[in-house]
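Q: Handing you a structure now.
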Amino acid sequence: MSVNPAPVRPERSLFRRLFLINGLVFTIGTVVLALSPATVSAPVLVTEIPVLIVGLAVILAANAVLVRSSLAPLGSLATLMERVDLLRHGDRLLERGNGDLTHLIRTFNEMLDRLEAERSAASAHALAAQEGERQRIARELHDEIGQSLTVVLLGLKRVVDQAPAELREELHGVQEGVRASLDEVRQVARRLRPGVLSDLGLASALSALSSEFSEMSGVPVTKKVSDLPVLDDDVELVLYRIAQEGLTNVARHARASRVELTLRQELDGLTLRISDDGRGGVLREGAGIRGMRERALLVGATLTIDSKRGDGTDVILVVPA
Ligand SMILES: Nc1ncnc2c1ncn2[C@@H]1O[C@H](COP(=O)(O)OP(=O)(O)O)[C@@H](O)[C@H]1O
Ligand SMILES: [Mg+2]
């Protein structure tokens, strides 16, 4: 970010430029009038009116062309303002044009640099807080509710052993119910805090995620993970969370018959791809996809979503080396 020590006032230089253009056109008009044989009588003769109209039209047209080309960069600036999205970094306007508006464009570009940096810092903060909160809830689910259910299960087992035969069947049912709840609590805790990530690494965490997804959705996943370099914890968590949201979206929206999840080193960098053969056509990005974009920005990665109606969806994350 450069700080301009003596800023040019764009409104002044724009004023000067428009004044010059108008002055030039009027001066040329006056000179042509003075040198040409055309005369204007008072009152105006009918034969002189067409000459006056043509002269005026020429002056207005010349003025319009010059003023318009001077103001063209303002149009591109407005288009960029409408289009710009802080989650897609690096969308900038070229500092070109007649010099007067360059300063305005440069200032706007610098403002975008600043806003993008602030936005990234704010999302990093928010996501870190969210991960912390998830870990806390996961720990409480696992340690408190999980523990209580385990105690209930043990108590039930003692009761079943001593119960009269006619009650046993019913008690077995209760036992099964409690066991299923305990499994659910553990699963929710695991989804909230991918403990396998730190215990067994990304590849195993993705395997667990894929098989859980297939079990839940009935859609088979082909998983290909190869030659992973040593990765930062941050990068691993981003890859895991994006794979998680990508698969959740397939289950919720795609109506796919199969999914491919690949993670491998490619020319541009480490590439995660979640491709389904479902109905495709991602038009509006909701909280899920915005969240993926925020996470991608955290580690300087780029996220592309390629989705044609009727032709499946590819979510591609590239983490540069
Ligand atoms: N794999 C997919 N296949 C088809 N449509 C999808 C897929 N992923 C996302 N979409 C579409 O994109 C929209 C936005 O997704 P997302 O931002 O994750 O929000 P949410 O999942 O909460 O609806 C979804 O509502 C859905 O219409
Ligand atoms: Mg979603």
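The values are calculated or read from the model by the stated rules, or taken from the named source; none is laboratory data. These numbers come from a predicted model, not from an experiment. Don't worry about glycine lacking a Cβ; one is built from the backbone with ideal geometry, like all the others, and counts go over all protein chains shown.
Q: So, in the range 242-265, how many residues would count as being within 16 Å of ligand 2 (Cβ to nearest atom) and in contact with an Asp or Glu (Cβ under 8 Å, 6 or more places away or on another chain)?
A: So the count comes out to 4.
Q: Which pairs do you get when a residue that is on the phi < 0 side of the Ramachandran plot, found in the range 139-151, comes within reach of a residue that is modelled with pLDDT of 90 or more and of a type in the set (Ser, Thr, Tyr), reach meaning Cβ atoms under 7 angstrom, with the pair 6+ apart or on two chains?
A: LEU149/SER181
Q: Taking the condition of being at pLDDT below 95, more than 6 Å from ligand 1 (Cβ to nearest atom) and of a type in the set (A, V, I, L, M), how many residues in the range 271-302 meet it?
A: Final tally of qualifying residues: 7.
Q: For the range 219-256, give me each residue that is away from ligand 1 (no atom under 15 Å from the Cβ) and in contact with a Lys or Arg (Cβ under 6 Å, 6 or more places away or on another chain).
A: PRO220, SER226, VAL238
Q: Would you point out the residue of the range 266-289, among those that are among the hydrophobic types (A, V, I, L, M, F, W, C) and touching a residue at least 12 places away in the same chain (Cβ under 8 Å), that is farthest from ligand 2 (Cβ to nearest atom)?
A: Selected residue: LEU270.
Q: Under 7 Å between Cβ atoms, which residue pairs at least 6 apart in sequence (or on different chains) link something in the range 198-213 that is within 16 Å of LYS224 (Cβ to Cβ) and buried (at least 22 other Cβ atoms within 10 Å of the Cβ) with a partner that is among the basic types (Lys, Arg) and modelled with pLDDT of 90 or more?
A: LEU206/LYS223
Q: A follow-up question, please. Against the condition touching a Pro at 6+ places or on another chain (Cβ under 7 Å) and under 23 Å from ALA122 (Cα atoms), how does GLY300 come out, does it pass?
A: The answer is yes for GLY300.
Q: Out of everything in the range 189-204 that is of a type in the set (A, V, I, L, M, F, W, C) and out of contact with any Asp or Glu (no Cβ under 8 Å at 6 or more places or on another chain), what residue ends up being modelled with the highest pLDDT?
A: Within the range 189-204, the match that is modelled with the highest pLDDT is ALA203.
Q: Another question, if that's okay. Being closer than 30 Å to ALA78 by Cα, under 27 Å from the mean Cα position of the chain (by Cα) and in a helix (DSSP H, G or I) narrows it down to one residue among LEU127, LEU209, LEU197, LEU112; which is it?
A: Among LEU127, LEU209, LEU197, LEU112, only LEU112 is closer than 30 Å to ALA78 by Cα, under 27 Å from the mean Cα position of the chain (by Cα) and in a helix (DSSP H, G or I).
Q: For the range 290-321, how many residues meet the condition of being of a type in the set (Val, Ile, Thr), out of contact with any Leu (no Cβ under 6 Å at 6 or more places or on another chain) and touching a residue at least 24 places away in the same chain (Cβ under 8 Å)?
A: Residues in the range 290-321 being of a type in the set (Val, Ile, Thr), out of contact with any Leu (no Cβ under 6 Å at 6 or more places or on another chain) and touching a residue at least 24 places away in the same chain (Cβ under 8 Å): 5 in total.
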